[in-house]
Amino acid sequence: MTFKDQMDRQMDRMMLRDSYGRPIRDLRISITDRCNFRCFYCMPAEAMEWQPKSEILSYEEILALSELFVSLGVDKLRVTGGEPMLRRDLESLIERLARLPGLCDLALTTNAHFLRNRAKALKDAGLRRITVSLDSLDPERFALLTGRNELAQVLDGIDAAIEAGLKPVKVNSVVIRGVNDDQAVAFAAYARERGVSVRFIEFMPLDNGKVWRREMVVPGEELRARINDVYALERVKQDNPSETARRWRFADGAPGEVGFINPVTQPFCGHCSRIRLTADGMIRTCLFSTVEHNIKKLLRQGADRERIVEFIRATVDKKEERHHINDPEFVQPLRTMSCIGG
Ligand code: SAM
Ligand code: SF4
């Protein structure tokens, strides 16, 4: 056996794998549960109780845990929330995360409200790409969905990200029947015009108001057919089985692409490589987990590296095989996307 083979084997032994053999390579870190928007499919309009600041992981704690996860084979980090840009000096966190040896991919998910003035600083800090949530291109509908009349700022924020050279810029749109499903073709036109990747996400039962009903889910395949009637689409070849979006480019060679994230109608749990760290320091092994694992407690008790690694491995081992959205016994998790970190 060559030295390289030996090293590969050693790496493979160190790598996090769940009890179904799935490698864990993608850590999503929520850095705050707070948000300046009130997307109805995520947060309630009023009466949201924020976690006390003392319960929220500090940047030092986030970095220490990220470093550990990366040393265990995680090579992709996504910073999310709540709204991550509400957290002070996000750029300094990005800068330190970007320097972690072994990290291949660092991304940020944001509502883009503050992006115009910060896109360049984030790029300079080492952020490579960005995902912006945007559910409607119509100002009134945008206000209805998000509780804020801020479409112009968000569109401007996306332009700022493009100008700053963040690449790719992805736009995520949660589609809800009867609310914004008529916007698919308009979003495809926007993708072509701006050269961005628009991804349509099926509405999931993770909303605080518990309004989710199966009839509100618009299958990604339905949206794809509607777009294809106007702009012929070609499948993009995808090598990474854990990618959540099925991607399509425009057959006429126009820039941009569209993608479909179909967790309800085409679950992708079999290839899930994701794990989540909540802003208050809990590990979640699935978006739909009904239990959480308190890693903050260990960290704050001063546990040594070995003990924390052991805790991470034992937690990963408990990762659920799949979600149960489509089963009659499905139980909606107590915490919403804004707390879990989408
Ligand atoms: N505030 C940032 C934003 O909106 O991009 C980051 C956090 S947000 C919770 C992350 C992603 O979760 C967003 O793209 C949002 O659309 C998505 N999301 C929230 N609730 C959802 C739901 N019930 N079903 C599907 N996606 C949801
Ligand atoms: Fe805030 Fe993002 Fe949730 Fe909208 S989806 S309320 S922007 S955390």
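The numbers here are math on the coordinates, done by the rules we state, and not lab data. Nothing here was measured: the structure is a model prediction, and the numbers come from that model. Every residue, glycine among them, receives a Cβ derived from its backbone with ideal geometry; neighbour counts consider all protein chains shown.
Highest mean first, what order results for 232-238, 94-100, 32-38 on Cβ atoms within 10 Å?
Final packing ranking: 32-38, 94-100, 232-238.
Need the C-alpha centroid separation for segment 201-251 versus segment 310-333, integer Å.
So the separation of the two Cα centres works out to 23 Å.
Cut-off is 10 Å between beta-carbons; in what order do Arg213, Arg141, Arg335, Arg199 appear when sorted fewest neighbours first? Walk me through the numbers before you get to the answer.
Working: Arg213 11, Arg141 16, Arg335 20, Arg199 23.
Going from least to most buried by this count: Arg213, Arg141, Arg335, Arg199.
Please report the net charge: other residues with Cβ closer than 14 Å to the Cβ of Ala251, K and R +1, D and E -1.
Numbers: positive: Arg192, Arg224, Arg235, Arg247, Arg249; negative: Asp229, Glu234, Asp252, Glu257.
Charge balance near Ala251 sits at +1.
Peptides 314-321, 75-82: what's the order by average Cβ count within 10 Å, highest mean first? Could the numbers behind the result be given before it?
Numbers: 314-321: 16.6, 75-82: 23.2.
Taking the mean over residues of other Cβ atoms within 10 Å, the ranking is 75-82, 314-321.
Based solely on its DSSP helices, what 222 nm [θ] is calculated for the chain when runs of n ≥ 4 H residues each add -39,500 (n - 2.57) and the sum is averaged over all residues, nearest 500 deg cm²/dmol? Show your work: numbers first, answer last.
Numbers: 11 runs with 107 residues, N = 342.
Computed ellipticity for the chain at 222 nm equals -9000 deg cm²/dmol.
How large is ³J(HN,Hα) for each residue in segment 288-299, as worked out from phi by the Karplus curve 6.51 cos²θ - 1.76 cosθ + 1.60 (θ = phi - 60°), to whole Hz, x for Gly and Pro?
After applying 6.51 cos²θ - 1.76 cosθ + 1.60, I find 9, 4, 9, 10, 10, 10, 7, 7, 4, 4, 4, 4 Hz.
Rounded to whole Å, give me the distance from the Cα center of segment 278-294 to that of segment 106-180.
Cα centres, segment 278-294 to segment 106-180: 26 Å.
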